[in-house]
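Below is one structure; the comments refer to it alone.
The values are calculated or read from the model by the stated rules, or taken from the named source; none is laboratory data. This is a predicted model, so every value here is computed, not measured. Cβ sites come from the backbone with ideal geometry, for glycine too, and all protein chains shown count toward neighbours. Remember, those area values only see protein heavy atoms, side chains included, never the ligands or the DNA or RNA. Shrake-Rupley method; radii C 1.70, N 1.55, O 1.52, S 1.80 Å.
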Amino acid sequence: MTDEVPKGSEPETSESLKAFGEVVKVLRKRAGLTQEQFAPLVGYSVPMVASIEQGRRLPSKEFVDRAEEVLDAFGVIRAAAKHLTRKAGLAKWFEKWAELEPLAVTLYTFENRFVPGLLQTPAYARTLFEKQIPAMSDDKIESNLTRRVERANILTERPETIYSFIIEEAALRRQVADPEAMREQLDHILALGERRNIDVQIMPQSRGYHAGLGGPLRLLETEENTWYAYCEGQETGQLVSDPKVVSILQQRYARMRTQALSVEASVSLLREIRGAL
């Protein structure tokens, strides 16, 4: 049976979550089931069912499917789930940016901590989730992993979008996973870099000062030619829409592209790093 997440880790509620919870509760009562009777039928704990009905937890796809079947809901539960605004596997401060990513015609990413999420293989991402502090439940790890993989699909599903990645060399050399997973990760980056719309550049360790020392940075342009930026720290994230601030961050990213290795030189270094594993 699926356990509830630790106290304090539940997401902030939303109107769509509350509405979904009410739908489940009404249908459960119509079926003459208490939460204690309903929980084992869908394979979840009673506290988890209570949290979902109260709009405090995002239901997994498995819960939606099981509840639909158990309550003979005529598609009502699945239909309600389509309108949920919270996405499984996403931190609440990242959601607004995640909603913009699939709309981007241009997407730039600078990362100095680890391989950017959009470039991560499942094995690499799983290692990050498994070592997260505080520890995640197995369900949470799987939810995060599923969402991470889904997000990365935009790299191949939107071939007309221009993607640029600048990654600190140290982040690529940091062996956060076992050698086999790291080799797979580097091969994945090399393969993506062969696509016409994806540029990968490495900021070499030999480069002293550069314009990205302020931290990770993402920039994107929508089809309406509106630019947004996103900056992230520990347990926090900020979506930036102020044109003046976005312009400053664009200038920094442009400078970083000149300070990083060329695409061709970056490929050579990636191969060198892989060969050393």
Within the stretch 200-273, which strands (runs of 3 or more DSSP E) (wholly inside it) include 3 or more residues that are under 18 Å from Gly117 (Cα atoms) and open to solvent by 10 Å² or more (accessible area, probe 1.4 Å)? 227-233, 236-240
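Just checking, which of Glu36, Glu10 is open to solvent by 70 Å² or more (accessible area, probe 1.4 Å) and either at pLDDT 95 or above or under 27 Å from Val149 (Cα atoms) (or both)?
Glu36
In the stretch 156-178, which residue that is in a helix (DSSP H, G or I) and either in contact with a Gly (Cβ under 8 Å, 6 or more places away or on another chain) or modelled with pLDDT of 95 or more (or both) is most open to solvent (accessible area, probe 1.4 Å)? Can you show your working first?
Start the filter on the stretch 156-178 by keeping residues that are in a helix (DSSP H, G or I), which leaves 156-157, 169-173.
Filter again for either in contact with a Gly (Cβ under 8 Å, 6 or more places away or on another chain) or modelled with pLDDT of 95 or more (or both), leaving 169-173.
Details: Glu169: 17, Ala170: 38, Ala171: 1, Leu172: 4, Arg173: 85 Å².
Filtering first and then ranking leaves Arg173.
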When the residues of the stretch 95-125 are filtered to those that are in contact with a helix residue (DSSP H, G or I) (Cβ under 7 Å, 6 or more places away or on another chain) and among the aromatic types (Phe, Trp, Tyr), which remaining residue is farthest from Gln238 (Cα to Cα)? Tyr124
Any residue at all in the stretch 108-115 that's among the acidic types (Asp, Glu), in a helix (DSSP H, G or I), modelled with pLDDT of 95 or more and more than 17 Å from Ala265 (Cα to Cα)? no
Inside the stretch 182-196, the number of residues satisfying the requirement of being surrounded by fewer than 16 Cβ atoms within 10 Å (Cβ to Cβ) and either without any contact (Cβ under 8 Å) to a residue 60 or more places away in the chain or small (Gly, Ala, Ser) (or both) is 4
Tell me whether the stretch 132-139 contains one or more residues that are of a type outside the set (A, V, I, L, M), modelled with pLDDT under 85 and open to solvent by 50 Å² or more (accessible area, probe 1.4 Å). no
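Quick grid of which residues meet (1) in a helix (DSSP H, G or I); (2) modelled with pLDDT of 90 or more; (3) open to solvent by less than 20 Å² (accessible area, probe 1.4 Å):
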{"position": "Pro40", "(1), (2), (3)": "yes, yes, no"}
{"position": "Ile52", "(1), (2), (3)": "yes, yes, yes"}
{"position": "Gly55", "(1), (2), (3)": "no, no, yes"}
{"position": "Glu68", "(1), (2), (3)": "yes, yes, yes"}
{"position": "Thr85", "(1), (2), (3)": "no, no, no"}
{"position": "Leu90", "(1), (2), (3)": "no, no, yes"}
{"position": "Trp93", "(1), (2), (3)": "yes, no, no"}
{"position": "Ala98", "(1), (2), (3)": "yes, no, yes"}
Per the filter on the stretch 70-81, residues in a helix (DSSP H, G or I) and open to solvent by 50 Å² or more (accessible area, probe 1.4 Å) are Val70, Val76, Arg78
